[in-house]
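Written out below as structure tokens is the structure these notes cover.
Any read-out appearing in this document is the output of simple, stated calculations on the displayed coordinates, not a laboratory observation. These figures come from a predicted structure and were not determined experimentally. With ideal geometry, Cβ positions are generated from the backbone for all residues, glycine too; neighbour counts draw on all protein chains shown.
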Amino acid sequence: GAEFGRIKTRVLQSVRGMAIDLAKLYAEREQCKGKKYSADMTLDKAFAESFPYEETDDQLTAIEEGMRDLTAGKIMDRLLCGDVGYGKTEVALRLAFKVIEEGGQVAFVSPTTILARQHFETVKKRFDGFGIRAVSLTRFNTPAETKAALTAIREGKADIVCGTHRILSKDVQFRSLEMMILDEEQRFGVADKEKLKTVRKNVNVLSLSATPIPRTLHMAMTGIRDISVLDTPPAGRLPVQTFVTEFTETLAADAIERELSRGGQVFIVYNRVETIDSFAAKIAGITGRKVTVAHGQMEESRLARAVDAFTAGETDILVSSTII
């Protein structure tokens, strides 16, 4: 009908506007001169040596490419693609270390509170012993914690901030923000992406993605953004095996038991919130194991507790909606 034609016209105008905005933004970035970071890697080597694992060749290449951006004086806009567990966070932290070492502040922005909390824990552990001060900024912070974090960011007493889109709020004023790490950027809302555009003009940006959407990939492929890819799994990591089959309780119990018997954990994606509790009870019944439920309609603090319990190994099986 006529309404479909009107919608098509609106969408076309919106896409055209977005394309013009992007072209303008990247043209402006090209004109901007970035800070030229020192080529001296002495401190960076010490930080690299504190990494408890062996880097993959892809990780080393990605770190090198990012360092080249920083030491060349160009404003970085790099997309880092790699599957979950392939070491994107470590690459990001090596580049963040370089920026912090030379007096800049870093914002590590994640689309969910749970992810932000996990990154904060990793950052604290990884930067421990290097005199780097990290703060967290999410809805889970108490008013006192938020106030202290905002003061530390404003006064330059916080070197790296891990948080959700809360970091993009007007009351968050950085003393010298020089780098932004965006985890799964495609999952941010339209309003957040608009705010990010203004930040992008003169701040180094590293976007991490396990599932880059085609538009982001296309921008990278056509040269608007640089791209680094982590294709190699870390040593000892087994390739993912995928089976498409009909659900049976016997098969589910067998698959769960195999994983748990090797000391692993299981999460089951079940995307019907109205019956998720009864399904979880069924899984608990057939396995005799401790099961936790997580979905987006839960109160946020309860959701975080459920995921934290799973992360800490207090529960064996997490039955979750696609929020996972």
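Tabulated data for the structure shown
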quantity: Tilt relative to the chain, helix 143-154 - C-alpha long axis, 0 to 90 degrees, to 10; calculated: 30 degrees
quantity: Amide H within-cut-off set for Q105, under 5 Å, with H built and near neighbours excluded; calculated: S176, L177, E178, M179
quantity: The chain, helix-only ellipticity at 222 nm - DSSP H runs n ≥ 4, -39,500 (n - 2.57), divided by all residues, nearest 500; calculated: -15000 deg cm²/dmol
quantity: Kirkwood hydrodynamic radius (C-alpha pairs) into Stokes-Einstein, the stretch 186-262, 37 °C and 0.692 mPa s, D in µm²/s; calculated: 193 µm²/s
quantity: Positive dipole terminus of the chain, leading residue within A96, G5, I268 (C-beta point charges); calculated: G5
quantity: Tensor-based shape of the stretch 103-173 (alpha-carbon gyration tensor, a/c under 1.5 rounded, otherwise prolate or oblate); calculated: oblate
quantity: Cβ-based net charge around Q13, under 14 Å, with every Lys or Arg adding one and every Asp or Glu removing one; calculated: +3
quantity: Amide H within-cut-off set for S228, under 5 Å, with H built and near neighbours excluded; calculated: L79, L80, C81
quantity: Gaussian network model of the chain, Cα within-10 Å springs - most flexible of S50, S278, S207; calculated: S278
quantity: Nearby lysines by direct alpha-carbon distance to K35 (threshold 20 angstrom, same-chain neighbours under 8 apart not counted); calculated: K74, K98, K197, K201
quantity: Nearest 10 degrees, 0 to 90: helix 113-127 Cα axis against the chain principal axis; calculated: 60 degrees
quantity: Pairwise FRET efficiency - N202 versus D57, Cβ, R0 = 30 Å, nearest 0.05; calculated: 0.40
quantity: Distance violations [Cα-Cα > 26 Å] among K88/K124; K33/K147; K24/K147; calculated: K33/K147; K24/K147
quantity: Descending Cα extents along the principal axes, the chain, whole Å; calculated: 64, 61, 43
quantity: Sequence-distant lysines (8 or more away, or on other chains) whose Cα lies within less than 16 Å of K282; calculated: K290
quantity: Full-extension gain in nm, F267 to A253, via 0.36 nm per residue minus C-alpha separation; calculated: 3.8 nm
quantity: In order through the stretch 102-107: 3J(HN,Hα) via Karplus (6.51 cos²θ - 1.76 cosθ + 1.60), integer Hz, x for Gly, Pro; calculated: 9, x, x, 9, 10, 10
quantity: K290 paired with A210, simple spin-label distance in nm, labels 7 Å along Cα-to-beta-carbon; calculated: 2.3 nm
